[in-house]
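First up is the structure itself, then whatever we jot down about it.
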Amino acid sequence: MLPMFLLPRRLRQLLETKKGDDEPRIFLQDEEIISLVRKVAKQQGRSEEEIITDFTKAGWDQLQEKTEMVERWGSLSRREQQVVALICLGYRNYQIAEILVIAPETVKTHLQNIFAKFNLRSSKELRLVLKDWNFAEWWEQNQQA
């Protein structure tokens, strides 16, 4: 299950709203969303229902991708997570080795394992996939005293 904090704020609010058992939950109550759906439908010459279906599918795909990334993150060792965080914060391998007090070859080994687990080939790809994650905050919270 994807943690609620990864969901968009508006969707979280709607999901957390308590409704009576007989009362249907209406997700398109927001005028901004309705307006956007109508605008896109008009621009593309399609029905609003088709646009809603496409939006829903796109949102579901993004949610699945986030869930997959969270699962992959969870499969990493603590040291691998540290290497990922430092890579995403822009550090180079030799700097990571100095910070973690390990050999540069060990950093490369960790990166190979990380790339395999994320099905990626480079640090650049890793940074791109995790660009929305706040590694500065994670790093600060996860440092040993």
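The values are calculated or read from the model by the stated rules, or taken from the named source; none is laboratory data. All values derive from a computational prediction rather than experimental measurement. A quick note on method: Cβ atoms are made from the backbone with ideal geometry, for glycine too, and the neighbour counts reach across all protein chains shown.
So here's what we get for this one:
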quantity	calculated
Index of the failed condition, Thr67 passing every other in (1) assigned by TED's automatic domain parsing to the domain that holds Leu36; (2) of a type in the set (Val, Ile, Thr); (3) free of Cβ contacts under 8 Å to residues at least 12 places away in the same chain	(3)
For Ala116: the one exception among (1) surrounded by fewer than 13 Cβ atoms within 10 Å (Cβ to Cβ); (2) touching a residue at least 60 places away in the same chain (Cβ under 8 Å)	(2)
Segments classed as helices (runs of 4 or more DSSP H), wholly inside the stretch 97-145, with at least 3 members that are at pLDDT 95 or above and of a type in the set (A, V, I, L, M, F, W, C)	104-118
Yes/no for Leu36 being at pLDDT below 80 and closer than 27 Å to Lys131 by Cα	no
Ala85 being within 14 Å of Trp133 (Cβ to Cβ) and modelled with pLDDT of 95 or more	yes
Candidate set from the stretch 33-91 (those that are among the hydroxyl-bearing types (Ser, Thr, Tyr) and assigned to a helix (DSSP H, G or I)); member that is farthest from Trp138 (Cα to Cα)	Ser35
Residue, surrounded by the most Cβ atoms within 10 Å (Cβ to Cβ), within the stretch 72-113, restricted to residues that are among the β-branched types (Val, Ile, Thr) and farther than 28 Å from Gln62 by Cβ	Val107
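For (1) surrounded by 12 or more Cβ atoms within 10 Å (Cβ to Cβ); (2) modelled with pLDDT under 85, each residue gets a yes or a no:
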site	(1), (2)
Phe5	no, yes
Lys18	no, yes
Ile26	no, yes
Lys42	no, no
Val70	yes, no
